[in-house]
Each structure stands twice: as C-alpha cells, then as structure tokens.
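Only the coordinates and a few stated rules stand behind these numbers; no lab work does. Since the structure is predicted, the reported quantities are computational estimates derived from the model, not experimental observations. All Cβ positions, even for glycine, are placed from backbone atoms using ideal geometry, and neighbour counts span all protein chains on display.
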Amino acid sequence: AGALLSDLRPLDILAEVVPPAGSPSGVRTLQAHGVRGLQLSAAAAQAMSFPASRIFFRCDLFPQEFSIVVTLKAPNLPPKVKTDLKVTLGSRPPCTKVEDAQFWFDASRKGLYLCVGNEWVSVLAARERLDYVQQHQDLFTSSETLGIEVFRIPGVGLFAATANRKATSAIYKWTDGKFASFQSLRTHQAQSWRHFTIGRKIFLAVANFEPNEKGQEFSVIYKWSHRKLKFAPYQRIATHSARDWEAFEVHGEHFLAVANHREGDNHNIDSVIYKWNPATRLFETNQTIPTSGAYDWEFFTVGPYSFLAVANTFNGTSTRVHSRLYVWLLGSFQLFQSFPTFGAADWEVFHIGERIFLAVANSHSYDTEVQVQNDSYVINSVIYELNVTAQTFVKFQDIPTCSALDWEFFSVGEDYFLVVANSFDGNTFLVNSIIYRWQGYEGFVAVHSLPTFGCRDWEAFNTSAGSYLIYSSAKEPLSRVLRLRTR
Ligand SMILES: [Ca+2]
Ligand SMILES: [Ca+2]
Ligand SMILES: [Ca+2]
C-alpha cells in the first residue's frame, strides 16, 4: 500500500480519519523504545473509516482485515516531553501549565502542535501545495508600470514600489490585506526600483529612462526617514536610459550597479558599479563595464565567490548579443562566462537544494542583416545550471516564451516554481504568462497559464495570510495581485 500513497503524508491520513471538528476519543499517543506514535482506535469499526478512493489510486476496496499504520516523525520535538501524552482534537484548546507537553491535532489545517510554556508550538505541518491561482486585487496605477519591487520595512510593514511610465511612480503599503497608496514620487519614465539597506539605513533606488524637463539625465536614490515615515531623495546619479539597479554586498562593502541601456542611439556604452563610501556616505564610481543595451543586473554568491550577471539586449544592429557573467577577483569584477542571448531582458538566479540555476529571459530575435521575421518574439528562454566541477554554467532547459521580460522564482511548501512574464507574440500583447513547477528530472513543467496583457514584471511575496504574486503591465495602467491557494 505504501507505494500507492505517493502524495499522501501521515498528516493527510490523520486528517482523513479525524473530522475537522474533532472527536473526543480515538487518538492516543504511544511510546516504544524512544519512538512516539499516534494510535488510532475506535470502539465501533466504522467510526474512523473513510472511502479507500480518498487515498488510493484505482483501488475502490481496501480489505477490512488490513490496516494502515501511520508513523509521524516530529523532528523538532523538545527533548523533555513526558511519556504520558495526550492528543486533543477540535479547535484550538487552551495551552496552560495543565496542558503542558500535550498535543493538539488541528485536523482542518493539518497541523500537529505541542503545548510548551503556554504556547502551541508546531511540531509537524502538512506540506502546503499550490492548488490554483486566484485574482486578489486590481491595482490601478497612474500609468503603465514597468517594474515592481516588494519589500518590508521592519516595524512599519510591507510595501510595493511601482515604476510608472509617466510623471510619477508610487509606493503602496499593504493595509488590511491589500496594497493602498502610500507615497508618490516624481520619476522620468521609471523602469525599476531596487530596495536595499546599509546598516539601519533603508534605501530605494529608481532607474529613470528619460531626462527631466531641463534635459538632465539622472537616477535617484531615496532614503527612508524613520522620523517622517516617508522616502526622501538622497543622492542623484548620472545615468543613461537606466533600466535597472542591483544592490549587493561583497566582503562587507556595499555596491550598486546600474544598467545603462543607451546614450542617444548608441547602445554600446558603459554600465557602472558604484561603491558606498562610509566616510562621505555617498555612492562613488568603482568600476565600469562595457555593455550593449544593458537591461538587467543580477548578483549572487556561490560559496565564497561573488557573481554579477548582465543581460545585454541590443548592440545597434542585432539582439543576438552575448550576455555576460562576471566574478569578483582581486577587488573587481572580471569576465567569467558569456552566454548567447536574444534581446536578454532578465537574469534570475535560484537554488534548488544544492543546485544553482540561472535563467535568462530572451525577448526578441532581431537582426538588421537578416529580415525581421514575424515569429521573432516567440523564442526560447534558457535555464542554465552551474556545473561545479567544470566551473561553468551549462544549458539545463529551453523554455519557449513570447517576448519574455522577467523570470520570478518562488516556492510553496516544498515545491519550487518559476513564473515568466510573456509580453508579446508578434501580434498581440494579450498572451499567457506561465507558471512552471520544478519536477526534478523533468525540469520545469508548465502548470498554470495566466492571461496577461503586456506583462512586464512578476514579484512573489508572503504575508501572514498567505502567498501572493503581483505582476505589472507595460501596456495598461493596471497591475494585479494574485493569491496562491494551497491545499
Ligand atoms: Ca535585477
Ligand atoms: Ca527576475
Ligand atoms: Ca521581477
């Protein structure tokens, strides 16, 4: 029977036999040779039964003379638990000195709790699994939104900053389960926001794509005022059609890298890495890196090594350009590996267990030498995996995308997911963005198809109420918050 119980965990079986309201008796804890177990017993044989089809595949009849033994292994059980254990069912019972070291099984939420020092401590939780995605909030923005950054300010709350195409960008605060307007900031065709901290200082940097009305071109770093509870301009940095900021730390020093997309018509320009000077409390130029229509920076570490990847989009004649990965060696970033990309718009790094992956979003295959083709937006985006022995990233999986602009990695319970922002198929901006689930040997497999319009950026976030995704549209002033329903 064990092999058939592929997806079922002991807590699921417990939840099957124990009604959500709980039953007064029938579950007892036993201890033998240091191993604790729960014994299900019933005076009447039918009292704790359920249809076999609820847990078995293609098995309608489970012979009565057989039984199922459920073993629960609670890894985080405090050492000093008395052997005389009791399990309470039903809704949350009190947890005082009287109930100390007793269990409570919450059948509706499939959680096993232990009363320790007047508090119910979770010792086993059912594995949460993504069931479906649900519309949660329509967030109408002042104009089309290119980038969204979700971040938390300790003691203040959860925020989302939207980079809006027109004159102002906005910051929203999560209030009563929704994003509500919090602050509005003047920006110039803002492309993205990046939140970061240096000690107690909280910053938010915006990448401005266009000059201001006086023709001055710069991006702005804002700093959170703990007194006014608002962001205020802190430092201006001259940028060239900035697309993205990346913030990171190397050996205790703080850096900011800007993706300069183009200067006039010239896409082959320098992008710049700035370093925080603790004496002046300002960011100062540290290194320049030649880029071609730079769109995104992504920083990550592998053991003691620091890496920085840039997505190069266009060199003036072609989108078939190399995007590059740099490694920090002797005080600066040096080329580590080049990847053939097609209008690369985003790099996303993620870990699955010990494995390290790097996904690139390819947006457009275009070459002035070759005629523009109608299907040049429907192209593969690529997931690479680090081969530690060869010290190189190798192709792991090709994923067909429609002008992909962003990848976002997230997890639900023990499952891993990637969502892609598909923006355009050559004819329409109304294309589905796809959620892929990690299935080990099979790689990422499409599990949900979400209708989106000019989708530009995805962000995943959690609150105490659950897990959410938010995406922005570069084609309409409407971002959407989706709720991840689990079972
Ligand atoms: Ca980035
Ligand atoms: Ca991304
Ligand atoms: Ca994103």
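Summary of computed values
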{"quantity": "Set of the stretch 443-487 residues, backbone N closer than 16 Å to the point 7 Å along the Cα-Cβ line of Asn432", "calculated": "445-455"}
{"quantity": "Exposure proxy ranking, count of Cβ atoms within 10 Å, fewest first, for Arg129, Arg194", "calculated": "Arg129, Arg194"}
{"quantity": "FRET E, pair Ser142, Thr389, Förster distance 45 Å, beta-carbon r, rounded to 0.05", "calculated": "0.30"}
{"quantity": "Over the stretch 196-334: Kirkwood hydrodynamic radius from C-alpha pairwise inverse distances, Å", "calculated": "15.7 Å"}
{"quantity": "FRET efficiency, Asp176 to Glu369 (Cβ-Cβ, R0 60 Å, nearest 0.05)", "calculated": "0.60"}
{"quantity": "Dipole moment magnitude, nearest 20 debye, the stretch 130-486 about Cα centre, only Lys, Arg, Asp, Glu C-beta charged", "calculated": "1480 debye"}
{"quantity": "Rel. contact order, % - alpha carbon contacts under 8 angstrom, at least six apart, the stretch 130-486", "calculated": "13 percent"}
{"quantity": "Per-residue ³J(HN,Hα) for the stretch 193-207, Karplus 6.51 cos²θ - 1.76 cosθ + 1.60, θ = phi - 60°, Hz, x for Gly and Pro", "calculated": "10, 9, 8, 7, 10, 10, x, 8, 6, 10, 10, 9, 10, 10, 9"}
{"quantity": "Zero-based 5 Å bins, Cα pair distances in the stretch 342-487, whole percents", "calculated": "2, 9, 19, 21, 19, 15, 9, 5, 2, 0, 0"}
{"quantity": "Cβ-derived FRET efficiency at R0 51 Å, Ile198 paired with Asn118, nearest 0.05", "calculated": "0.85"}
{"quantity": "Net length gained if the chain between Arg487 and Arg109 were fully extended (0.36 nm per residue, minus Cα distance)", "calculated": "135.2 nm"}
{"quantity": "Anisotropy class of the stretch 130-486 from Cα gyration tensor, a/c 1.5 cut", "calculated": "rounded"}
